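A.B. asks: I'd like to ask some things about the structure below.
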Amino acid sequence: MPRRLLIALLLLAGLGPLADPAPAFAGPAQSYLFGEQRFRNACRPPLKYAAGACVRRCPAGFESFRGYCRQRNMMR
């Protein structure tokens with residue numbers, strides 16, 4: 001009898017997270033809309049917003065676009 005109870009408890013403990021998983025949300029740095037609307041006015045005018053920081057010039061692989069740096073499309 002205790003063996004059946006132990007097996008049942010182990011199954012419930014193992015299957016519990018599968019029944020109700022926590023939702024997964026992408027952070028702002030992982031979102032494809034990063035920098036377009038929410039962070040457009042984060043930096044003062046001489047500076048631009050790029051990858052979470054205010055910079056004077058866009059880093060390599062980014063292009064300047066309306067006060068923030070957007071990732072350059074390498075398909076062109």
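A.B. asks: Once you have the Cα-Cα distance between residue 73 and residue 12, take 0.36 nm times their residue separation minus that, and quote the gain in nm to one decimal.
C.D. replies: Values: separation 61, 0.36 × 61 = 21.96 nm, distance 4.80 nm.
Going from the current span to full extension adds 17.2 nm.
A.B. asks: Within 9 Å, Cβ to Cβ, of residue 54, how many net charges do the neighbouring residues add up to if Lys/Arg are +1 and Asp/Glu are -1? Write down the numbers at each step before the final one.
C.D. replies: Numbers: positive: 44, 48, 56; negative: none.
So the environment of residue 54 carries a net charge of +3.
The numbers here are math on the coordinates, done by the rules we state, and not lab data. What you are looking at is a predicted structure, and each value in this text was computed from that prediction instead of being measured. Heads up, the Cβs are rebuilt from the backbone with ideal geometry, glycines too, and the neighbour counts pull from every protein chain shown.
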